[in-house]
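Everything on this sheet refers to the single structure shown next.
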Amino acid sequence: MNESGATPVPAPAPQVQDVLPGEAATLRAAQEALAGERRGLSALWPFLGPAFVALSAGCADPTSPKALRASMGAIFRVPTGSFDDAPRPWVGLLPLGGTPLADAELGERTTFVLGAEREGLPEEVASSCELLASIPLAEAAESLNVAAAGAVALYEHARRR
């Protein structure tokens, strides 16, 4: 509360056109990629800092009460927009068969494309990506959940800066 007793309202997040070209990685979530994991992934935003988060139709609402609490207010510092607004190049994350993420060429400006946990990236979305990458897993593991995959990708991008 401020001196007048009113609760201050956070400033709106910057728009995608205001994000500088040299900013950090971007996340692009396909279909319901963030339905169950939006809270875990959004909680990482203050620490791993995507410059922009693009959501397709059908994705969970990042401003829902649970997502807002979990993001610790980061939703107000990270611009969000439509799926097609995500800057290029797009790196689709696949459970298997992509270039190992550690070997992938990541530009200064990279958008990681995440698919729904069970279905993965739809074929039409994967084919629109400039690169398909995978995070190597232990032999018995099937895949990572969306929040974990997004966190690893953002970390890998930040590590290289």
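No value in this document is a laboratory result; all are computed from the given coordinates. Nothing here was measured: the structure is a model prediction, and the numbers come from that model. Here the Cβ is made from the backbone with ideal geometry for all residues, glycine too, and neighbour counts use every protein chain on show.
Brief remarks on what is shown
- Sub-9 Å Cβ pairs linking a first residue in the range 107-130 that is more than 15 Å from Ser56 (Cα to Cα) to a second residue that is part of a helix (DSSP H, G or I), at least 6 apart or interchain, are Thr110/Ala153; Thr110/His157, ordered by first then second residue.
- The residue of the range 105-119 that is surrounded by the fewest Cβ atoms within 10 Å (Cβ to Cβ), among those that are of a type outside the set (D, E, K, R) and in contact with a helix residue (DSSP H, G or I) (Cβ under 8 Å, 6 or more places away or on another chain), is Leu106.
- For Ser82, the conditions (1) in contact (Cβ under 8 Å) with a residue 40 or more places away in the chain; (2) within 16 Å of Leu27 (Cα to Cα) are fulfilled apart from (1).
- Qualifying residues in the range 132-143 (those that are surrounded by fewer than 17 Cβ atoms within 10 Å (Cβ to Cβ) and of a type in the set (A, V, I, L, M)) - the one nearest to the chain's Cα centre (by Cα): Leu137
- Just one of the listed residues (Leu137, Leu106) is touching a His at 6+ places or on another chain (Cβ under 6 Å) and either in a loop (DSSP other than H, G, I, E, B) or closer than 13 Å to His157 by Cβ (or both), namely Leu106.
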